[in-house]
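Please treat every number below as a calculation from the coordinates, not as lab data. Values in this document were obtained by computation on a predicted structure and should not be read as measured data. We place every Cβ from the backbone using ideal geometry, glycine too, and count neighbours over all the protein chains shown.
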Amino acid sequence: MSPRISLIIPAHNEAAFLPSCLAAVGRASERVAGGVEIIVILNRCSDETEQIARDHGCAIVREDAKNLSIIRNAGAAAARGEVLVTCDADSRMHPDSFVEILKRLDSGRVIGGGAVVLPERWSLGIVASGLSILPYLAFTGVSFGLFWCCKRDFDAIGGFDPRLVSVEDIDFAQRLKAHGRKTGRSWGTLVRTPLVTSCRKFDQFGDAYLFWNPRFVRKVFLGTDREAADHFWYDVRAK
């Protein structure tokens, strides 16, 4: 029997973070009926990520593209569940995340959505970096972090746009929200069940990096700047 939910987790050398991510997923899975399929998309891994995923009973997909759209779409293509959820390997979902997602989708009034995202720690620099990207996010009307929707709606909008190497998540959310309007459904945000994410980018670049580098932020929000995307995401851990 097919699972109710398919969870998609991109993973590039995530041995340090994946265990806590999967532990949180396990707690959330216990609270829903119908089963949860966990799909880990291995992306150029050279550490123990694959073994950790297999030890937790995850399905494995391989995709080596330096493009999160392509990586997530590969996971979605392998998914058997009627509901798709995406989560980064360095994030921890709330124990009731799946409960809230199914409640909203089953109502028939919600197309899908995101979640409130909380950093694992706070600092003045992190707040400053958050404020530096706020102008780019203020008018999107969408939330981020943990995306969820029915697979049929994911397929209807063509998934994530492979032409984008950054802000593909914002683009996906905006297109899903627009699709919802056409079908009389609204965008949903998980407020009571927030996603907690690591601060590894701040650890690597400095808490106020985005605040002190506005030109870099502008490049990221173009979505097509390969150098900026590689610098901050795809090649950063190889340096």
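For the chain, DSSP calls about 30 percent of its internal beta bridges antiparallel. Taking 14 Å as the cut-off, the amide N atoms of the stretch 2-20 that come nearer than this to a point 7 Å along the Cα-to-beta-carbon line of V117 belong to 10. Building the convex hull from the alpha-carbon atoms of the stretch 76-140 and averaging its projection over directions returns 6.5 nm².
Partners of K151 within straight-line reach, counting lysines whose Cα lies under 21 Å from its Cα and excluding those fewer than 8 residues away in the same chain: K103, K177, K182. Helical runs (DSSP H, four residues minimum) scored at -39500 (n - 2.57) apiece and divided by the length of the chain put the mean residue ellipticity at 222 nm at -11500 deg cm²/dmol.
Taking each residue as 0.36 nm, the span from A128 to D235 lengthens on full extension beyond its C-alpha to C-alpha distance by 36.0 nm.
Ranking L7, L68 by Cβ neighbours within 10 Å, fewest first, what do you get?
Numbers: L7 30, L68 24.
Least to most surrounded, the residues fall as L68, L7.
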